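Colleague: Sharing a structure here in structure tokens format.
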Amino acid sequence: MRYKKTLKEETKKQKLNRLKLEHWKWIKSLGVAINLKTGKIKNVFKGYSLPDYKVRNSVPLGNRIPGACVKRKIVMAQLPEGKTISIGYNKGTYQVVDKSDFKSMGRKI
């Protein structure tokens, strides 16, 4: 196919329209009666019509989330002097670490 502009010079809208047309031509090659200008399928199958799969361009968003959501309360644990919470080496869970192990916590010794 020859186009007036090269692919790099096409705008996004022109590229989308070109790709839609190529897709509609492919659908037509499968034997479906489709209007190449609008993309609407002309024939209706016996027993049911084709569903409309159009999608809205933008989805309306809201700041409210419905449902039973409860705000979490943060509980601060009181640690004794000389202890901290860290990830133990190759364990994946948090552990209470003594002051003597501060330099080596999280590492293999």
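Colleague: Distance cut-off 20 Å, Cα to Cα: go down the list K15/K37; K73/K103; K13/K42; K73/K99; K15/K42; K20/K54 and report the pairs above it.
Modeller: K73/K103; K13/K42; K73/K99; K15/K42
Colleague: Sorted by average packing, counted as other Cβ atoms within 10 angstrom per residue and highest first, what order do 22-29, 70-77 take?
Modeller: Highest-to-lowest ranking by the protection proxy: 22-29, 70-77.
Colleague: Report the calculated FRET efficiency for I74 and M105 (r = Cβ-Cβ distance, R0 = 25 Å), to the nearest 0.05.
Modeller: Efficiency, rounded to the nearest 0.05: 0.60.
Quick note: the coordinates plus some simple rules give every number you see, no bench work behind them. Worth saying up front: this structure is predicted, and the values here are computed from it rather than measured. Quick reminder, even Gly has a Cβ in these numbers, built from the backbone with ideal geometry, and neighbours come from all protein chains shown.
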